[in-house]
1. I'd like the full set of residues that are free of Cβ contacts under 8 Å to residues at least 12 places away in the same chain and loosely packed, with under 12 Cβ neighbours inside 10 Å, limited to the stretch 12-34.
2. For the stretch 91-106, does any single residue satisfy the condition of being farther than 30 Å from Gly44 by Cβ, modelled with pLDDT under 65 and not assigned by the TED database to the domain that holds Arg42?
3. Between a first residue in the stretch 93-112 that is within 19 Å of Leu78 (Cβ to Cβ) and a second residue that is of a type in the set (Phe, Trp, Tyr) and open to solvent by 100 Å² or more (accessible area, probe 1.4 Å), which pairs have beta carbons less than 7 Å apart while being 6 or more apart in sequence or on different chains?
4. Could you list, ordered by first residue, the pairs with Cβ atoms under 9 Å in which the first is in the stretch 54-71 and modelled with pLDDT of 95 or more and the second is part of a loop (DSSP other than H, G, I, E, B) and not aliphatic (A, V, I, L, M), at least 6 apart or interchain?
Amino acid sequence: MAKSKAANESEPVVIKKYANRRLYNTETSSYITLDLLSQMTREGREFVVVDAKTGEDITHNVLTQIIMEEEQRGKNMLPVNFLRQLIAMYGDSMQSMVPQYLEASMDAFRKNQQQFQEAMKGAFGGGPLAEIAKRNMQMFEAAASAFGNGVPGMPGATPSLTPAATEESKDDEIAVLKAQLAALNAKIDKLS
């Protein structure tokens, strides 16, 4: 049984659209909304929408309807100039190339977005930027405590360091920050 369920997850869910505009999910045997279809799309779940009466595949129309509803809610992602250019392409000799171009562009955008997110996770999840942030916080705390030494009532008053110890720790910190910056630059170069 587990094997058949895994096979079903890779197959698109069939959604039937009835004349009364209701959508029926054949997998869950329940009526659903466009919002749920939108959520399924964001989750990467494949589905096919068919006209319940004719069996015609109307997935394109329903996806376009979802986009229209999102745009009407004020979540405008499609700039007016882009829409005008897209409309102008209808009937143009290049019209047949536009869908493949848009699909390839969106795939490239998604890949770049994923790479950027992974890089940011790496940078802030223990990478060089996390270390820099940690050191900045330590420097801030040290500055606050040093400032607190001379002002009554300031929290964090600590004994002041000798000038020689301060010079050595600053040199060490600068060396560490330079190494972290070089590592960060190397990561950026890899992404480019």
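1. Hits for the stretch 12-34 are Asn20, Arg21, Thr28, Ser29, Ser30, Thr33.
2. Within the stretch 91-106 (the criterion being farther than 30 Å from Gly44 by Cβ, modelled with pLDDT under 65 and not assigned by the TED database to the domain that holds Arg42), the answer is no, since none of the residues qualifies.
3. none
4. Close Cβ pairs (under 9 Å, with a partner that is part of a loop (DSSP other than H, G, I, E, B) and not aliphatic (A, V, I, L, M)) amount to Thr59/Pro12.
The values are calculated or read from the model by the stated rules, or taken from the named source; none is laboratory data. All values derive from a computational prediction rather than experimental measurement. When we count neighbours, we look across all protein chains shown, and the Cβ atoms used for this are built from the backbone with ideal geometry, even at glycine. What goes into the accessible areas is simple: the full protein's heavy atoms, side chains included, and nothing from ligands, DNA or RNA. Shrake-Rupley method; radii C 1.70, N 1.55, O 1.52, S 1.80 Å.
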